[in-house]
Amino acid sequence: MRVLVVEDNERVSSVLQKGLKSQDYQVSVAPDAESALKQVKLLDYDMLIIDIMLPRMSGIELSKRMKSIYPKIPIIMLTALGQIDEKIAGFDAGADDYMVKPFDLRELYVRIAAVLKRNKEFGDWENSETLDYDSLSVNLRSKSVTRNHMDIKLTPKEFDLLVFFMRHQETLLSRDEIARNVWGKNFDTGTNYIDVYINYLRKKVDKDFETKLIHTKSGHGFILSSKE
């Protein structure tokens, strides 16, 4: 597995490089976003680990660019910024996971394995190109969403969340199930991320339509259903 670490702090990048090599990953290091973009053009990477606080171009902007060019490449963000709004910005930029410094390398190894596993499972889903329910349609290859033939623009994490709902139509899903399958087993279920993203998704998928599809079952979870 080939990993690119994008980190301008030499001490941190050295620790990451040494630790990941001990786990048999092939590791490259880029000190800034521009270098990272050049390296990804030259080599195929299985994972990007990106610091948010980079010179000139931030890790958030780099993640957006990477996902626009290479939508399937997994990204883990490492940063000293740990507020909820900052984490949501990271997820909206395409991050598959988010770790706050200081961190334990052992936890990073587990999160890398979990993200790679999730991405493989998501890739396996793409054997069926579209998922449909009621007037809602999701194309897994183009990552496009329509309802009544109207385009709906979603962030990468909103798209992953909707796909999970579409894979479990008319099934009550708990917050823990959503957290494990969309964000990974190490997700902090003590946060309100799930509710925040459900609200984001509901505004885009349901707001302009008479029939509401995403419902909250108080005390139980959420369900994708055309019935109340």
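Scanning the stretch 88-99 for residues that are over 9 Å from the mean Cα position of the chain (by Cα) and over 14 Å from Val182 (Cβ atoms) yields Ala89, Met99. Among the numbered conditions (1) in a helix (DSSP H, G or I); (2) at pLDDT 90 or above; (3) charged (D, E, K, R), tell me where Asp151 comes up short. The failed condition is (1). Inside the stretch 53-72, residues that are under 11 Å from the mean Cα position of the chain (by Cα) and modelled with pLDDT of 90 or more make up a count of 1. Given the criteria surrounded by fewer than 20 Cβ atoms within 10 Å (Cβ to Cβ) and over 28 Å from Tyr197 (Cα atoms), does Pro55 qualify? Yes; evaluated as a whole, the condition is true for this residue. A count restricted to the stretch 82-107 and to residues that are in a loop (DSSP other than H, G, I, E, B) and either buried (at least 18 other Cβ atoms within 10 Å of the Cβ) or among the small types (Gly, Ala, Ser) (or both) stands at 5.
Taking the numbered list (1) out of contact with any Asp or Glu (no Cβ under 8 Å at 6 or more places or on another chain); (2) assigned to a loop (DSSP other than H, G, I, E, B) in turn, Lys18 passes all entries but (2). Selection of the stretch 1-26 for residues being crowded, with 19+ Cβ neighbours inside 10 Å and of a type in the set (A, V, I, L, M, F, W, C) yields Val3, Leu4, Val5, Val6, Leu16, Leu20.
The number of residues in the stretch 209-225 being outside any strand (DSSP E or B) and in contact (Cβ under 8 Å) with a residue 60 or more places away in the chain comes to 3. Every test in (1) surrounded by 14 or more Cβ atoms within 10 Å (Cβ to Cβ); (2) in a helix (DSSP H, G or I) is passed by Ser68 save one, and that test is (1). Among the criteria (1) in contact with a Leu (Cβ under 9 Å, 6 or more places away or on another chain); (2) among the charged types (D, E, K, R); (3) at pLDDT 90 or above; (4) on the phi < 0 side of the Ramachandran plot, the one Arg106 does not fulfil is (1).
Scan the stretch 184-206 for residues that are assigned to a loop (DSSP other than H, G, I, E, B) and modelled with pLDDT of 90 or more and jot them down.
Step one: of the stretch 184-206, the residues assigned to a loop (DSSP other than H, G, I, E, B) are 184-192, 206.
Listed by number, the list holds a single entry, Asp206.
Kindly check whether there is at least one residue in the stretch 29-47 that is under 23 Å from Arg180 (Cβ atoms) and assigned to a strand (DSSP E or B). Looking through the stretch 29-47, at least one residue is under 23 Å from Arg180 (Cβ atoms) and assigned to a strand (DSSP E or B). A search for C-beta distances below 9 Å between a residue of the stretch 38-64 that is at positive phi and any residue that is among the hydroxyl-bearing types (Ser, Thr, Tyr), counting only pairs 6+ apart in sequence or on different chains, returns nothing.
The values are calculated or read from the model by the stated rules, or taken from the named source; none is laboratory data. Please read all numbers here as calculations on a predicted model, not as lab measurements. Positions of Cβ are generated from backbone atoms using ideal geometry, with glycine treated the same way; all protein chains shown enter the neighbour counts.
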